[in-house]
Every structure is written in structure tokens, then in C-alpha cells.
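These notes are about the structure you will find just below.
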Amino acid sequence: MKLNHPTAEIFVPDQSPLDSALARTTHLGIGAHHDDLEFMAAHGILECFAQPSRWFTGVIVSDGAGTARDFKYKSFSDEQMKDVRRGEQKKAAYVGEYAAQFLLGHPSSAVKDAKHAGVLEDLSAILRVTRPEVVYTHNLADKHDTHVAVALRVLAACRELEPGARPKRLIGCEVWRDLDWLCDSDKVQMPVDRRENLQNALMGVFDSQIAGGKRYDLATAGRRKAHATYFESHGTDQHTALIWGMDLTPLMHEGDPSAHVAALMRRFEDEVLARVRRLGG
Ligand SMILES: [Zn+2]
């Protein structure tokens, strides 16, 4: 299949022929950066791990050039960092037994440019060939520009498909800002209780991101446990680890993304104010 950036590649961990490797996809994760999928889409990876009829395919849109670097990576050039990050993403794909891993290699500036055709074309082509049931991407209230840009390009790519060929579900996931603020009725609940060992391994391969002292692995595992504990103030916990998602499914078909996220924020505002007023404030 043809991808736009000259450095783009598709890695198939079990070396199956590419067509059949991609056709088996049921769950697709589309993230801006190398490591985003393992931090935000663990639910999809676990749903598919060691399941003969379910397969996770990963897509990383950007090239990883702008990565912060420290520790033994301090003197690395942008080109060297791109190689390191590609290598780490392939390790994760191998550990997580992904169907395939796309590395699209677009510069961040291209991802953030709504008029750049290459990103949208690649995502449309990937959706057509993988035909996933569920897609995980970034949520619209994330505070990283490239993350929100990827979510918007995914929505645009879904809309280019015939309505019957669109995924059944599109979920916006947590990285830079969690979704605990969503009203409970608006939260997509993604339990990730199982295989903590695998989750830790998947996050742990991103040494270049963690070695400088940013413990994304511990922070993300802690966030998952905190969500499970603080979900219900009454009763015992149903789950030991949860990831929250923002349901973006309606936006694959119609509607304005900014109006969608504005409605979610309004419901949060209404809920908070109603409680304060009810209790005399
Ligand atoms: Zn990211």
C-alpha cells in the first residue's frame, strides 16, 4: 500500500504477508507520537492480546523529531532520535502482539496543518484497508496540539468513508489531560484490570521518554488505578484500573467537533453548579 512520506513503513511483528496482516485488524489505535498508543489505548491492546479473532493495529502519525531528550540521549540528533523512537515502537508492537504497526513519519507541522493532504490520505487509506470495528485516538480536550490535530484528521478520514464502511466506534483517549472531568454518563469506561505485567512492559520499552526522569509509566499506571478508586464514592470498586474515553462516534457521521466538546464541558459545568446550589452555595 502506498503511504505519502518517503520514510513511512509498516512493521508486521509476526511477519505475516502484509495484506492478511492488515485484513485481520479489528481494533485500530491512531496516535500522534511513539508511545501514545501504549499509554492511551491499552484497552484495545489487551482486548486483542493472544486472541485469535481479534487483532490490534497501531498507527503513529508523526516522526518523533521534536522529542525532548535527556540522559544518554542528550547528544542525539533529530535523525538519531527518530530511529530510536521507531525502534521503541516496534518493540512495543512485538511485545503487544500487534497485527501491524504503521509509522507514517510526518513532521508535526504537517500533522497540525489542516490543509496538508498527506496525513488525511494516509489515514483514509489505512481505515479502508484495515476496516476496524473500534478506533482509539486522542480526545478533543487534550492539551497537546498535535494530539488534537490527529483526532481531527481521524474524524475527517472517517467521514471520507462510505457510511457503511466507517468503524462502529471511535473513542478519544487520555494522554495530556485526563477525562475524569467528564460527567459519568459521558465517560466511555475502559477496564484495564488484566495483565498488569503486559501493560508495564508495553510502557517500559519507551526508555528514551522515561530515562530523563519523566515517569510516564508510573504516572499512567497510577492514573488508571485512581480512576477505578475515585469513580464511585459508595460501594467497593468494580475494577482495579480504568481508562476514560470521550465518545467521538457521532462525529464520524456529522456535527462540529468544537460544538461536541463544548456540549460536554457545559454538562460538566451544569453538574458542578447544580450540586453547589443544591447544597446552599
Ligand atoms: Zn503524544
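Can you give the charge dipole size of the chain about its Cα centre, rounded to the nearest 20 debye, using +1 on the beta carbon of Lys and Arg and -1 on the beta carbon of Asp and Glu?
Result for the chain is approximately 160 debye, rounded to the nearest 20.
Would you mind checking 91/115; 82/214; 74/214 for any pair whose Cα atoms are more than 21 angstrom apart?
91/115
Using the Kirkwood formula over every pair of different C-alpha atoms, what hydrodynamic radius in Å results for the stretch 9-146?
15.3 Å
Rounded to a whole number, what is D in µm²/s for the chain from Stokes-Einstein with the Kirkwood radius over alpha-carbon pairs (37 °C, 0.692 mPa s)?
So the translational diffusion coefficient is about 170 µm²/s.
Cα convex hull of the stretch 43-123: mean projected area in nm², to one decimal?
6.5 nm²
Using every alpha carbon pair in the stretch 128-281, what percent of pairs falls into each 5 Å bin from 0 up to the bin containing the largest distance?
Answer for the stretch 128-281: a P(r) of 2, 8, 14, 17, 18, 16, 13, 8, 3, 1, 0, 0 percent.
Amide H of residue 175: which non-local residues (sequence gap of 5 or more, or other chain) have their own amide H closer than 5 Å, using H built in the peptide plane?
Distant-sequence amide H within range of residue 175: 139.
Only four residue types carry charge here, +1 at the Cβ of Lys and Arg and -1 at the Cβ of Asp and Glu. Report the dipole size of the stretch 200-246 about the Cα centre in Debye, rounded to the nearest 20.
120 debye
Give me the Kirkwood hydrodynamic radius of the stretch 166-240, using the inverse of the mean 1/r over all pairs of distinct Cα atoms, in Å to one decimal.
14.3 Å
Positive end of the dipole of the chain, charges at C-beta (+1 Lys, Arg; -1 Asp, Glu), about the Cα centre: which of 152, 101, 10 has its Cα farthest in that direction?
Farthest towards the positive end: 152.
Positive end of the charge dipole of the chain (Lys, Arg +1 and Asp, Glu -1 on Cβ, about the Cα centre): tell me which of 172, 279, 77 has its Cα farthest that way.
279
Report the Cα centroid-to-centroid distance between the stretch 261-281 and the stretch 196-217 in angstrom, as an integer.
37 Å
Give me the accessible area per residue for the chain, probe 1.4 Å, as a whole number in Å².
On a per-residue basis, 47 Å².
For residue 160, what is the net charge nearby, where nearby means another residue's Cβ is under 13 Å from its Cβ and Lys, Arg count +1, Asp, Glu -1?
After counting each charged neighbour, the total is +1.
In whole percent, how big is the carbon plus sulfur part of the accessible area of the stretch 20-124, probe 1.4 Å, protein atoms only?
Solvent-exposed carbon and sulfur of the stretch 20-124 make up 53 percent of the total.
Using just the alpha carbons, could you tell me how many Å³ per residue the convex hull of the stretch 23-78 encloses?
Each residue corresponds to 104 Å³ of Cα convex hull volume.
Along the stretch 84-100, what does the Karplus equation 6.51 cos²θ - 1.76 cosθ + 1.60 (θ = phi - 60°) give for ³J(HN,Hα), rounded to whole Hz, x for Gly and Pro?
These are the phi-based 3J(HN,Hα) values: 4, 6, 4, x, 5, 5, 5, 4, 4, 4, 6, 4, x, 6, 5, 5, 6 Hz.
Under a cut-off of 24 Å between alpha-carbon atoms, report the lysines in cross-link reach of residue 187, not counting same-chain residues fewer than 8 places apart.
In chain and number order, the partners are 143, 168, 225.
Among 130, 66, 114, pick out the residue whose Cα is farthest towards the positive end of the charge dipole of the stretch 41-144, where Lys and Arg carry +1 and Asp and Glu carry -1 on C-beta, about the Cα centre.
Going by the Cα projections, it comes out as 66.
Residue by residue, what Karplus-based ³J(HN,Hα) values in Hz, rounded to whole numbers, does the stretch 14-22 have, using 6.51, -1.76 and 1.60 with θ = phi - 60° and x for Gly and Pro?
Ordered by residue, 3J(HN,Hα) equals 8, 6, 5, x, 4, 4, 6, 4, 6 Hz.
Among residues other than residue 14 whose Cβ falls under 12 Å from its Cβ, what is the net charge (Lys/Arg +1, Asp/Glu -1)?
Local charge sum for residue 14: 0.
In whole percent, what relative contact order does the chain give with Cα contacts below 8 Å and a gap of six or more residues?
Value for the chain: 21 percent.
Within 10 Å, count the other beta carbons around each residue, average over each peptide in 19-27, 259-267, and list them highest first.
Put in order of decreasing packing, that is 19-27, 259-267.
Angle, helix 145-160 long axis vs. longest principal axis of the chain, Cα atoms, 0 to 90°, nearest 10?
Once rounded, the angle reads 80 degrees.
I want to verify the translational diffusion coefficient of the stretch 84-216 in µm²/s; compute it with Stokes-Einstein, Rh as the Kirkwood radius over Cα pairs, at 4 °C and 1.567 mPa s.
Answer, rounded: 78 µm²/s.
Would you work out what percent of the accessible area of the stretch 207-281, with all protein chains in place, is carbon or sulfur (probe 1.4 Å)?
56 percent
The values are calculated or read from the model by the stated rules, or taken from the named source; none is laboratory data. Keep in mind it's a predicted model, so treat the numbers as computed, not measured. Note: ideal-geometry Cβ built from the backbone for every residue, glycine included; neighbour counts use all protein chains shown. Accessible surface is based on the protein model in full, side chains and every heavy atom, while ligands, DNA and RNA are left aside. Shrake-Rupley method; radii C 1.70, N 1.55, O 1.52, S 1.80 Å.
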